[in-house]
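Q: Here it is, the structure, as structure tokens.
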Amino acid sequence: MSETVSTVSAFPAANRPADQLPLWLRPGSVVIFVLILTMLRLSVAANAGLVEDEAYYRLWGLYPAAGYFDHPPMVAWWIWLGHQTIGDTAIGLRGVGILSLAVASPFLWRAAYLLFDAKVASLSVFFLHATFLIGTGVVIMTPDTPAVFFWGLTLWALAELHASGRANWWLATGLFAGLGLLSKYTGLFLGAGIVLWLLMPANRHWFASWQLWAGGLIAVVLFVPVLLWNVTHDWASFNFQFGRAAQTDWTGEYVLEFVVVFAGLLNPLIGIASMGGLWLLLRRTLKGEPAAGLLVLTCVPFILYLFAHAMHSRVEGNWPAPVFPAYCIWAAYFVGAMANRFWDRFSIVAVTFGVALGSLIHVHAVAPLTASFGRQDPTFQMRGWEDVHLGLLDVAEQEGAAFVLTTTYHITGQLAFALRDELPVVQANERIRYVMMPDPSPALFEQTGLYVVENHRDRADWIRPYFASVELVATVPREVEGTLLENIHIYRLQDPLNLPLDVEAPR
């Protein structure tokens, strides 16, 4: 099949080259902007405490595997890379994720430039870094970080394909889509979106290209390790994640919450422009323009799923993260299409607002500006673990404890990070979460141990059948500037009756 170059959509307004843009929108300014924010984020990452989930994912990074109970393995591999290059520290855990956003920025710029023009390209990057979920949240390492990275790279490869007409870009598309599947199962929705885009009349000729099918095969082959892990672990990860979609109690009570939270995490001002861009791009998609369809149709399956999920259960705020690069291009396209001073100034305000508030949140994460919000503070999970660590060491020394036992992954990760190289931390239940790690020696439990648990998750009654003596010996407050977040209960464990490890499935 001969290769043909497709027509790139353009604005009704003049398509100015990058060197004719205002100074702040030129590529050099974008680079400086990204570098400054990256340095700030790295500083915050090195000094802020961990949240529960990333402390848990740290354990994955210590034992890289082909799969895990909660998610595919990419986040663990990134953490492992950080451990190898930086060390088992907070910045080591988070560093690769933060750098990935900086690395992704020129690819986002390039994708938007190919589909539209230099103004949209620069605004897209500014907008992405000014979102709260991505621009601010990238400091926290979760599976969403690599998922956003590889979803964005897949869009870039498709933009290159569209602009050049060169079929070999399908191979890159398959590579990045497959790596996205190794990051989070939401990558399946991107695959469905690519199929929708292919069904547009202007794109159907690609079905005759062997590179399209080879790219799909690459994605499938990359996902095989996750499939094999599930096969050998009774489909545990698939059952856990996809079981959420099997609920039938449709109520719709979470739809409004989802919309409000999504708009807030996107940055409400960017959200306004994004919805305007979606409307314009949807109209162009219906007219058969593939550039517009690329940005709309690749997102449609995932967006529909999120709304369907919201009809029966809560959509967690981080779930829409992978499609944020597309949302930011929507917003940038709208500002560019309006081509007037109001929207240009609006974009400056939106970026300033997002970066300023995000920076304030970063400062607060390291040095709390106020403690009055207590557990309502979105950074509360990072707080107070230093004092818990010291208090726990004191009790361990007094009791001669040789291990710490837990019953939730939330505190397991936090204590394992705080007590690394000091005391082993073992979660007694939900052992499917830790199959990548060697099981502790039964001899360990012959010694005195400590059961440590948050007061609102106390399961001492569940522990009692495993030990002849389970006695509360201390309560350590987890506080921030005198404001109590929660009490940590510490029980002494002696004289084991049974091996205190249970394969109970997480609820």
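Every number in this text was worked out from the coordinates using simple rules, so none of it is lab data. Since the model is a prediction, treat every value here as computed from it, not as a measurement. Glycine also receives a Cβ, built like all others from the backbone with ideal geometry; neighbour counts cover every protein chain displayed.
Q: Going by how many other beta carbons lie within 10 Å of each one, how would you line up SER100, SER122, fewest first?
A: SER100, SER122
Q: Can you compute the helix-only [θ] at 222 nm over the chain? Use -39500 (n - 2.57) per DSSP H run of at least 4 residues, normalise by all residues, nearest 500 deg cm²/dmol.
A: After summing the helix terms and dividing by the residues of the chain, the value is -18000 deg cm²/dmol.
Q: Okay, next question. Based on the mean of other Cβ atoms within 10 Å per residue, sort peptides 158-164, 82-88 so the most packed one is first.
A: Put in order of decreasing packing, that is 158-164, 82-88.
Q: Tell me, what ³J(HN,Hα) does each residue in the range 398-408 have, in order and in whole Hz, if you take phi through Karplus 6.51 cos²θ - 1.76 cosθ + 1.60 with θ = phi - 60° and put x for Gly and Pro?
A: 5, 8, x, 6, 10, 7, 10, 10, 9, 9, 9
Q: Could you give each residue of the range 366-377 its phi-based ³J(HN,Hα) in whole Hz, using Karplus coefficients 6.51, -1.76, 1.60 with θ = phi - 60°, and x for Gly or Pro?
A: Once θ is set to phi - 60°, the couplings for the range 366-377 become 8, 10, x, 6, 7, 10, 5, 7, x, 6, 7, 5 Hz.
Q: A further question follows. Determine, for each peptide in 185-194, 220-229, the mean count of other beta carbons within 10 angstrom over its residues, then list the peptides with the highest first.
A: 185-194, 220-229
Q: Right, another one. When MET141, MET436 are ordered from fewest to most other Cβ atoms inside 10 Å of their Cβ, what list results?
A: MET436, MET141
Q: Using θ = phi - 60° and the Karplus relation 6.51 cos²θ - 1.76 cosθ + 1.60, list the HN-Hα couplings for the range 114-129 in order, rounded to whole Hz, with x at every Gly or Pro.
A: Result, rounded to whole Hz: 5, 7, 9, 7, 5, 5, 4, 4, 5, 5, 4, 5, 4, 5, 4, 6.
Q: Still on this structure: From the C-alpha coordinates alone, can you work out the Kirkwood hydrodynamic radius of the range 275-423, in Å?
A: This gives a value of 20.2 Å.
Q: Quick check on the exposure proxy: order PHE149, PHE380 from fewest to most C-beta atoms within 10 angstrom.
A: With the sparsest Cβ surroundings first, the list reads PHE380, PHE149.
Q: Can you give the alpha-carbon Rg of the range 74-127 over 2.2 N^0.38 Å, where N counts its residues?
A: 1.48
Q: Further question on the same structure: Rounded to two decimal places and with Rh computed the Kirkwood way over Cα pairs, what is Rg over Rh for the range 381-496?
A: Result for the range 381-496 is an Rg/Rh of 0.94.
Q: Would you mind calculating the relative contact order of the range 19-366 from Cα pairs under 8 angstrom and at least 6 residues apart, reporting the percent as a whole number?
A: Across the range 19-366, relative contact order equals 23 percent.
Q: Collect residues whose amide H, placed 1.01 Å from N in the peptide plane, falls under 5 Å from the amide H of ASN429; neighbours closer than 5 in sequence don't count.
A: Answer set, sorted by chain and number: ASP502.
Q: Using only the alpha-carbon atoms of the chain as identical scatterers, what base-10 log of I(q)/I(0) does the Debye formula give at q = 0.06, 0.09, 0.11 Å⁻¹?
A: Log10 I(q)/I(0), no solvent term: -0.31, -0.68, -0.97.
Q: Moving on to the next point. Rule-of-thumb check for the range 141-203: C-alpha Rg over 2.2 N^0.38 Å?
A: Rg over 2.2 N^0.38 Å, computed on Cα atoms: 1.11.
Q: Oh, and also: Collect residues whose amide H, placed 1.01 Å from N in the peptide plane, falls under 5 Å from the amide H of GLU486; neighbours closer than 5 in sequence don't count.
A: The answer is ARG478.
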